[in-house]
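Below is one structure, written out as structure tokens, with a few remarks after it.
Coordinate-derived values only; no laboratory data. Please read all numbers here as calculations on a predicted model, not as lab measurements. Cβ sites come from the backbone with ideal geometry, for glycine too, and all protein chains shown count toward neighbours.
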Amino acid sequence: MTSAAIPHDLPATGKVGSALLGGNRLYWLLLILPCLFLGLFYVLPVINVLVMSVTVPRAGIENYSALFSNAAVQRVLLTTLRISVVTTAITLVLGYGVAYALVHSGPRERKILFAIILASFWISALIRAFAWVAILQSAGLINSALTWLGIIDTPLQLVRNELGVMIGMVHYMLPYAILPLYANMSGIDRSLVPAARALGATPFQAFRWVFLPMSMPGVIGAGVIVLIFSLGFYITPAILGGGKTIMIAEYISIQISETLRWGLAAMLASTLLAGVLLLVLWLSRFMDLETALKK
């Protein structure tokens, strides 16, 4: 009986083994293909940029010496850093207030606020920038309203300067700050603040000592996202800056398409990449960024 059953079991066992082997092959294929895609279309171009920064127009660190000797490059880097830091600070303050309102609002109000936030999130950066030009220009909505009310006699210069760039960048980056902050705040126990109030704390003290510290991972996570995006902004500064406020991404574009200084452009791109990596590394010393970005 047993020996007769063995031949019937062998084909089934062979099918199971083939299925397992095929499953393993599919698993490794799905694992390797994204790595190959990432290496081919991201890692290799980055390596090419790094190589160009020290080989074009000639081998050496001549391009990197411009960081210390070229006044135009230094001015662009300082402008980029200043605008990015101020944009991040303003965005976090505004985003924190909106996220706090979302957490403490009712279901109906929360749906309306989320609809407004997501509608802004889905609008193209190009459309937003041109919309702000129409609003902020000398004959725009704001200046026309202020003139009609008699508050000003001459139009305010709200565009083609750093102020206009910051306004456009803050508006664009708000959803990137609000969503991580809301995700973090929604996980905070609602009973902790009332408990602090019951123990004698004022509303501000309960917020300062209980809610704010527990929301700091969300603040830092949102700050990292906003700052990294701000450092590489291109479309918004190019349109709202009007050529008078140039950030590093636009300056790189000018070096590639107009002056044809590819080595300098590659150096600036490499510097920007190194700066972002150092920023993330520095922040990781103080907190778990992966946890913060997930909350």
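Near residue 70, within a Cβ-to-Cβ distance under 12 Å, what is the net charge of the other residues, with Lys and Arg +1 and Asp and Glu -1? Don't skip to the end; give the middle numbers.
Working: positive: 75, 261; negative: 62.
Here the charged neighbours net out to +1.
The string of couplings for segment 225-231 from the Karplus curve (6.51, -1.76, 1.60, θ = phi - 60°) is 4, 5, 5, 5, 5, 5, 4 Hz, one whole number per residue in order, with x for Gly and Pro. Of 265, 59, 222, the residue with the greatest mean-square motion in the GNM of the chain, using alpha carbon springs below 10 Å, is 59. Here the Karplus curve 6.51 cos²θ - 1.76 cosθ + 1.60, taken at θ = phi - 60°, turns the phi angles of segment 57-74 into couplings of x, 8, 5, x, 9, 4, 5, 6, 5, 5, 4, 10, 10, 8, 5, 5, 5, 4 Hz, with x standing for Gly and Pro. The alpha carbon centroids of segment 45-120 and segment 170-204 are separated by 25 Å. Across segment 260-269, coupling constants 3J(HN,Hα) worked out from phi with the 6.51/-1.76/1.60 Karplus curve, θ = phi - 60°, read 6, 9, 5, x, 5, 4, 5, 5, 5, 5 Hz, and Gly and Pro carry x. Neighbours of residue 164 by Cβ distance under 13 Å: Lys/Arg scored +1, Asp/Glu scored -1, total +2.
Just the ratio, please: alpha-carbon radius of gyration of segment 68-177 over 2.2 N^0.38 Å, N its number of residues.
On the way: Rg = 17.2 Å, N = 110, 2.2 N^0.38 = 13.1 Å.
Relative to the rule-of-thumb radius for its length, segment 68-177 sits at 1.31.
For Cα extents along the principal axes in Å, which listed value, (1) 106, 70, 36; (2) 79, 45, 37; (3) 61, 43, 34, comes from the coordinates shown? Among (1) 106, 70, 36; (2) 79, 45, 37; (3) 61, 43, 34, the one calculated here is (1). Rounded to the nearest 500, the helix-only mean residue ellipticity at 222 nm of the chain stands at -25000 deg cm²/dmol, with each DSSP H run of n ≥ 4 adding -39,500 (n - 2.57). Tell me the angle of helix 44-55 to the major Cα principal axis of the chain, expressed in degrees between 0 and 90 and rounded to the nearest ten. In the chain, helix 44-55 runs at an angle near 50 degrees to the longest axis. Comparing 100, 71, 134 along the charge dipole axis of the chain, the residue lying farthest to the positive side is 100, per the Cβ-charge model.
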